[in-house]
1. Which of the trypsin sites (Lys or Arg not before Pro) found in the range 34-79 are loop residues per DSSP with 11 or fewer other Cβ atoms within 10 Å of their Cβ?
2. Using a Gaussian network for the chain with springs between C-alpha atoms less than 10 Å apart, which of these wobbles most: VAL107, VAL11, VAL55?
3. Regarding the chain, what are the three Cα extents along the principal axes, ordered largest first, in Å?
4. Between their Cα atoms, which of LYS73/LYS116; LYS33/LYS146; LYS9/LYS65; LYS9/LYS116; LYS65/LYS116 are more than 18 Å away from each other?
5. Only Cα pairs within less than 10 Å get springs; with that Gaussian network setup on the chain, which residue of GLN82, GLN129, GLN14 has the largest fluctuation?
6. Which is the longest stretch in the chain that no exposed loop site breaks, taking sites as chymotrypsin sites (Phe, Trp or Tyr not before Pro) with a DSSP loop state and at most 15 other Cβ atoms within 10 Å?
7. With every protein chain kept in the model, how would you rank CYS113, CYS136 by accessible area, 1.4 Å probe, largest at the top?
8. Which value, in Å² and to the nearest 10, is the accessible area of GLU144 when all protein chains are kept and the probe is 1.4 Å?
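The values are calculated or read from the model by the stated rules, or taken from the named source; none is laboratory data. Being a predicted model, the structure only gives us computed values, none of them experimental. Because the Cβ atoms are built from the backbone with ideal geometry, glycine has one as well, and the counts that use them run over all protein chains shown. These area figures cover heavy atoms from the full protein model, side chains too; ligands, DNA and RNA do not enter into them. Shrake-Rupley method; radii C 1.70, N 1.55, O 1.52, S 1.80 Å.
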Amino acid sequence: MGELLGLLKVVVVQGKRLVIRDFKSSDPYVIAKLGDQVAKTKVINTHFLSLTEPVGVLNLEVFDKDRFKADDKMGHAYLNLQPLVSAARLSHALRVSSGEMTLRKVVPDTDNCLVKESSISLINGEVVQSVWLRLCAVESGEIELKVRLIETRDGPSR
């Protein structure tokens, strides 16, 4: 594993237009993967993952929990974390630690599954990105995430 940049706090806020895999509804959960780290949502949808160099891609898989058979896949999505780290480095260069400021905008492209443009902001010294991601390999579905970079002392200021 490379140099530790900080902790990545990932909050799965909600899903919408998720496909129904059971008779009338689904019991969705998300598995987040970053490098060799894996986190699975339950009632509390917040997870912390170590963010290291080289900066990777956050991969997400959505499943429907089944009691008597294998869980059904409800799609997957991914988010390139490099823009978040670049924005954190910019915040260090600007030396701003309070208030709120937009550091960068990220548009939907082949490096992400964004539904629409997303802003990366500095909010009281923390770099935060709220995103809606379109699920791939499925008829429909989107998930909303809030990703926050909690820096270590050596953080991404380099």
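1. Answer by residue number: LYS42, ARG67, LYS69.
2. VAL107
3. The Cα atoms of the chain stretch 54, 31, 27 Å along their principal axes.
4. In this structure, LYS73/LYS116; LYS9/LYS65; LYS9/LYS116; LYS65/LYS116 lie more than 18 Å apart at Cα.
5. Checking each option, the largest mean-square fluctuation is seen for GLN14.
6. Between exposed loop sites, the widest span is 69-158.
7. In descending accessible area the options line up as CYS136, CYS113.
8. 40
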